[in-house]
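Reviewing the structure listed below.
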Amino acid sequence: MKIVDSETKYLAREEGEFSFTLDQEREFIENCLEDENRFFLVAEIDGRIVANCSIGLIMKNKRFRHRASMGLAVCKDCWNKGIGGKMMQECIKWCEEKGLEQLELEVVTENTRALSMYQNFGFEIFGTKKHALKYGDGTYADEYHMILFLQKNKVKLK
């Protein structure tokens, strides 16, 4: 996470803001593995972690149990190698196995590479958060809220 935070402005943190110790990160991953409502993936190349992805129910309340949200990060030197797409396939599979109806995410509107991948998987834009991120230099970035409807007989929102 410390590496990817320094490589792109499209993630939630400024460089250096990821503050988990190795033990805290290990505990986080163990908690994800033990929680049936969360799913955590890492991608490795030659023993080096190059990507991670986490997904989980938005809330455990009954009214929200049909929805999951996810986040994905890939090291810059591994962009355009299909790693993000493979992780997305696994996340969709996990959601379908859980019987979830929709998978949600946020993406910076300028992140055209990620936006294109999400749209290729069937995600649709359902809103824009203006000034969702404020960078250290005082500039802002907007985010799209995107949803992938997982059920065959899905209802389209207008």
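Selection of region 141-154 for residues being in contact (Cβ under 8 Å) with a residue 40 or more places away in the chain and touching a strand residue (DSSP E or B) at 6+ places or on another chain (Cβ under 7 Å) yields ALA141, HIS145, MET146, ILE147, LEU148, PHE149, LEU150. Exactly one residue among GLU15, GLU90, GLU7 is modelled with pLDDT under 75, touching a Cys at 6+ places or on another chain (Cβ under 8 Å) and not aromatic (Phe, Trp, Tyr), and that residue is GLU7. Total residues in region 92-120 satisfying the condition of being closer than 25 Å to ARG38 by Cα and touching a strand residue (DSSP E or B) at 6+ places or on another chain (Cβ under 6 Å): the figure is 13.
Among the residues making up region 86-140, a single one is assigned to a strand (DSSP E or B), polar (S, T, N, Q) and without any contact (Cβ under 8 Å) to a residue 40 or more places away in the chain: THR128.
HIS66 meets the conditions (1) at pLDDT below 90; (2) within 18 Å of the chain's Cα centre (by Cα); (3) more than 19 Å from MET87 (Cα to Cα) in every case but one. The failed one is (1).
Please work out if ILE83 is under 28 Å from ALA43 (Cα atoms), surrounded by fewer than 18 Cβ atoms within 10 Å (Cβ to Cβ) and among the β-branched types (Val, Ile, Thr).
no
Scan region 38-72 for residues that are part of a strand (DSSP E or B), among the hydrophobic types (A, V, I, L, M, F, W, C) and out of contact with any Leu (no Cβ under 6 Å at 6 or more places or on another chain) and report the count. Here the count works out to 12.
Run down GLU124, GLU143, GLU104 and say which single residue is of a type in the set (Asp, Glu), under 17 Å from the mean Cα position of the chain (by Cα), surrounded by 13 or more Cβ atoms within 10 Å (Cβ to Cβ) and closer than 22 Å to VAL42 by Cα. Break it down stepwise before answering.
Values: GLU124 fails: closer than 22 Å to VAL42 by Cα; GLU143 fails: closer than 22 Å to VAL42 by Cα.
Residue meeting the stated conditions: GLU104.
From the list ALA73, ALA51, exactly one residue is in contact (Cβ under 8 Å) with a residue 60 or more places away in the chain and within 17 Å of ILE29 (Cα to Cα). Which is it?
Values: ALA51 fails: in contact (Cβ under 8 Å) with a residue 60 or more places away in the chain.
Result of the check over ALA73, ALA51: ALA73.
The values are calculated or read from the model by the stated rules, or taken from the named source; none is laboratory data. These numbers were taken from a predicted model, which means no experiment stands behind them. Neighbour counts run over all protein chains shown; Cβ positions are idealised from the backbone, glycine included.
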